[in-house]
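A single structure is presented below for examination.
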Amino acid sequence: MINRKKLVTRHNPVLHGISVESPLSVGNGDFAYTADITGAQSLYDHYAAAHFPLCTMSNWGWHTSPATDGKTYTHADLELTEYDYADRKIYYPVDKKAGNEEVYDWLRHNPHKFNLGRISLMYNGREIAPEDISDMEQTLHLWEGRLESNFTMDGHKINVNTVCHVDLDAVALNIENDLDGLEVIITFPYGHHDICGSDWNSPQRHSAIEVAPNTTKHEMDDIAYYVRRNGNAFTFDLKAEGVSPSYDDCLSSSRKSWEQYWNTVGIADFGASTDPRAIELERRMILSLYLLKIQSTGKLPPAETGLTVNSWYGRFHSEMYLWNCGFMALYNLPEKLLPSIEWWRSILPQARELATSQGFKGARWPKQPANDGISAPSFIAPLLCWQQPHIVYMLEMLYHQLDEASQQDFLQKHWEIVDEVTKFMVDFMHYETESDTYNLIAPLIPAQENHDPREVRNPIFEIEYYRFGLNIAAKWAMRLGKDATKLQEVADKIAKPVTKDGLYLAHENCPDTYKKFNQDHPMMSGAYGLIYSDRIDSAAMEASLHKVLECWEQETMWGWDFAMMAMSAARLGLPDLAMELLLWDSPKNQYVTSGNNFQRSRTDLPLYLPGNGSLLLALSLILAGYGDSNEKLGIPTDGTWDVKFENIAKFPY
């Protein structure tokens, strides 16, 4: 039995100075507060200048700023781009047309998440500067979700403890010091779509008014919310009245929640391993479990930077949902995953409308939606289709964790999602009589996004993933006594992946995959790793994986690419390579002190949660395996790896 507390606490992040790339956060899944070395947001400008602004964010915190002259726009105001699709025309909001720029940009930027407020320490009426503090030590106590900050200022030692309430959007600071003139204040920005979620230079566009003792109303444009203060505990709420917890209330809530989480979540102990890399992999796992709980377990799907800063205006990327949240289905966390799946159910009407507007049946998941479930215009996003099977796959993962008595109710409850999603997938695949095959045809952009949408045909990952998803949907239909004929027919007749010189191509029309298109995501590895396919030739996939490692421009790869390749190596029976890939030294596979997957070549992505989530997903396959196999797929057999794990389930296939 794993000593979970010992395992978790040996990875408490500790900072001994200001680290602008690694501020630490507390949160509850729907609300997060990110602090500097003072345990507050005192050094905001210093961190913001280094591209890591310190924010307070909530899943309800969305703002729409008016366009010119107070206008608002809808997608009906967009000028669309025309494409040829089979025997008809199809239209997507892709290009920014001359004269339509404001409409395009406004719809991309609105609504956006925003920074609810800056809570900071002030000394003698002025902001604290980095040079004011010394003797710094900050520890994130993972077992209880408490951030403890110690530093010296003006010759006095100061201790700050920062915690978040588990059920309320409340953050509380407890300050121990004997320094006169130290106070805690809150200030409010105007909302903005940029990474900081803040505009500090437009006071005329919003107001913050005390409407009752210790209650401030912050109002701007389409949103008004309240901040209730109880000592140095701040509760953010859409209502003026409600519970206003104290620091002790928040601490008690946090301790109880985190202890329960750490005692039940899937977890692995690498401590008995002698391979020097093992402890780093264990650290990444533990900190990923922490970060994803506070960022990705809420009522809405997470943005790629969660509730820390704005990436893509705080909007969700539907194709990242599996990488962010899929691990929860296998780590004993169904209650953390189901709320966001319910959000996807709630936007089925918008997804149906999107599919209908493009001439397809069923429901097409929007790419880059906000809380309204409406996709944003983009030169890439509307042309992506690989997000479609994600929820089908995740629901199947959850199904396999249920006891037999619960499975039928689960199928009935979620069949509507599976049915609507796969109706689109079936209709989106173009049937060609001569070859008797179903094909993914232009215009589309595959997950490897550096392809001309007019030239793409049958991208390898998408055709295998669509086949995989339709096979799952057919199983659901048969389990429910429904007709699975069409689902199975399409799955059986999907065009096969293409090889050249023994290597898998990105898509049929891409013979130069490994010469001109050796950037971005190497998605051929996903076709036999993240998923299982009985059509993949293992020798060709192994050769393709090695070719990627030989020729790919690694600075163009992303955090989840390494976990994806590791899963492919594991399925191919290459455990040493699987471990090597998980810890591959590359600019976008770095995990800083906080545990965040820092995308070093991107100033707009100081953290990247799909990297953390994909790591956990890969570890599930590597440690637990899949299906009926009892093989530890990715554990090297040289005797230097000794790993115990609990509550981590197998991949279903």
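The values are calculated or read from the model by the stated rules, or taken from the named source; none is laboratory data. Owing to the predicted nature of the structure, the values given are computational and were not obtained by experimental measurement. We place every Cβ from the backbone using ideal geometry, glycine too, and count neighbours over all the protein chains shown. What goes into the accessible areas is simple: the full protein's heavy atoms, side chains included, and nothing from ligands, DNA or RNA. Shrake-Rupley method; radii C 1.70, N 1.55, O 1.52, S 1.80 Å.
Can you tell me how many residues within the range 114-142 are assigned to a loop (DSSP other than H, G, I, E, B) and surrounded by fewer than 18 Cβ atoms within 10 Å (Cβ to Cβ)?
Step one: of the range 114-142, the residues assigned to a loop (DSSP other than H, G, I, E, B) are 114-117, 124-125, 128-129, 142.
Filter again for surrounded by fewer than 18 Cβ atoms within 10 Å (Cβ to Cβ), leaving 124-125, 129.
Counting residues in the range 114-142 that are assigned to a loop (DSSP other than H, G, I, E, B) and surrounded by fewer than 18 Cβ atoms within 10 Å (Cβ to Cβ) gives 3.
While we're looking at this one, here's another question. Would you kindly identify the strands (runs of 3 or more DSSP E) lying entirely within the range 163-274 that contain at least 1 residues that are touching a strand residue (DSSP E or B) at 6+ places or on another chain (Cβ under 7 Å) and of a type in the set (Asp, Glu)?
Numbers: elements: 170-176, 182-187, 207-212, 215-220, 223-230, 233-237, 267-269.
In the range 163-274, 170-176, 182-187, 207-212, 215-220, 233-237, 267-269 are the strands (runs of 3 or more DSSP E) which contain 1 or more residues that are touching a strand residue (DSSP E or B) at 6+ places or on another chain (Cβ under 7 Å) and of a type in the set (Asp, Glu).
Only helices (runs of 4 or more DSSP H) wholly contained in the range 284-376 count here; list those with 1 or more residues that are closer than 25 Å to GLN599 by Cβ and touching a residue at least 12 places away in the same chain (Cβ under 8 Å). Full working, then the answer.
Details: elements: 321-325, 334-346, 348-357.
Those helices (runs of 4 or more DSSP H) span 321-325, 334-346.
Inspect the range 152-159 for any residue being in contact with a helix residue (DSSP H, G or I) (Cβ under 8 Å, 6 or more places away or on another chain) and touching a residue at least 12 places away in the same chain (Cβ under 8 Å) and give the result as yes or no. Show your work before the answer.
Kept after step one, since they are in contact with a helix residue (DSSP H, G or I) (Cβ under 8 Å, 6 or more places away or on another chain), are these residues of the range 152-159: 153-154.
Next, only the ones that are touching a residue at least 12 places away in the same chain (Cβ under 8 Å) stay: 153-154.
The answer is yes, given that some residue of the range 152-159 is in contact with a helix residue (DSSP H, G or I) (Cβ under 8 Å, 6 or more places away or on another chain) and touching a residue at least 12 places away in the same chain (Cβ under 8 Å).
While we're on this one: Which condition from (1) of a type in the set (A, V, I, L, M); (2) within 22 Å of the chain's Cα centre (by Cα); (3) farther than 24 Å from MET57 by Cα is the one that LEU116 breaks?
For LEU116, the failing item is (3).
I've got another one for you. So HIS414 ticks every box in (1) in a helix (DSSP H, G or I); (2) closer than 23 Å to GLN358 by Cβ but one. Which box is left unticked?
(2)
Follow-up. Run ASN214 past the list (1) modelled with pLDDT under 95; (2) open to solvent by 50 Å² or more (accessible area, probe 1.4 Å) and report the number of the one that doesn't hold.
The single condition ASN214 does not satisfy is (1).
When you go through ASP512, ASP483, ASP452, ASP534 one by one, which is the residue that is open to solvent by less than 60 Å² (accessible area, probe 1.4 Å), among the acidic types (Asp, Glu) and either over 17 Å from HIS390 (Cβ atoms) or part of a loop (DSSP other than H, G, I, E, B) (or both)? Spell out the reasoning first.
Values: ASP483 fails: open to solvent by less than 60 Å² (accessible area, probe 1.4 Å); ASP452 fails: open to solvent by less than 60 Å² (accessible area, probe 1.4 Å); ASP534 fails: open to solvent by less than 60 Å² (accessible area, probe 1.4 Å).
None of the other options fit; the residue is ASP512.
Taking the range 424-464 as the search range and keeping residues that are of a type in the set (S, T, N, Q) and over 26 Å from the mean Cα position of the chain (by Cα), which one is nearest to MET564 (Cα to Cα)?
First, pick out the residues of the range 424-464 that are of a type in the set (S, T, N, Q): 433, 435, 437, 439, 448, 450, 458.
Now restrict to residues that are over 26 Å from the mean Cα position of the chain (by Cα): 433, 435, 437, 439, 458.
Numbers: THR433: 35, SER435: 32, THR437: 28, ASN439: 24, ASN458: 20 Å.
Per the stated criteria, the residue is ASN458.
A follow-up question, please. Return the residues of the range 143-153 that are part of a strand (DSSP E or B) and either among the charged types (D, E, K, R) or more than 23 Å from ALA32 (Cβ to Cβ) (or both); say none if nothing qualifies.
So the first thing to find is which residues in the range 143-153 are part of a strand (DSSP E or B), and the list is 146-153.
Within the range 143-153, ARG146, GLU148, THR152, MET153 qualify.
Scan the range 226-264 for residues that are open to solvent by 40 Å² or more (accessible area, probe 1.4 Å) and within 27 Å of the chain's Cα centre (by Cα) and jot them down.
LEU238, ARG255, LYS256, GLU259, GLN260, ASN263, THR264
Something else now. Please enumerate the residues belonging to the range 600-617 that are over 17 Å from SER296 (Cβ atoms) and touching a strand residue (DSSP E or B) at 6+ places or on another chain (Cβ under 9 Å).
Filtering the range 600-617 for residues over 17 Å from SER296 (Cβ atoms) gives 600-604.
Hit for the range 600-617 is ARG600, nothing else.
Assuming ALA578 fulfils every condition listed in (1) farther than 23 Å from LEU54 by Cα; (2) under 22 Å from the mean Cα position of the chain (by Cα); (3) aliphatic (A, V, I, L, M); (4) open to solvent by less than 10 Å² (accessible area, probe 1.4 Å) apart from one, which condition is it?
With respect to (1) farther than 23 Å from LEU54 by Cα; (2) under 22 Å from the mean Cα position of the chain (by Cα); (3) aliphatic (A, V, I, L, M); (4) open to solvent by less than 10 Å² (accessible area, probe 1.4 Å), ALA578 is out only on (2).
Condition check ((1) open to solvent by less than 10 Å² (accessible area, probe 1.4 Å); (2) closer than 18 Å to PRO610 by Cα; (3) within 22 Å of the chain's Cα centre (by Cα)) across all residues:
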site: ARG352; (1), (2), (3): no, no, no
site: SER357; (1), (2), (3): no, no, no
site: TRP365; (1), (2), (3): yes, no, yes
site: PRO369; (1), (2), (3): yes, yes, yes
site: LEU384; (1), (2), (3): yes, yes, yes
site: MET397; (1), (2), (3): yes, no, yes
site: GLU404; (1), (2), (3): no, no, no
site: GLN408; (1), (2), (3): no, no, no
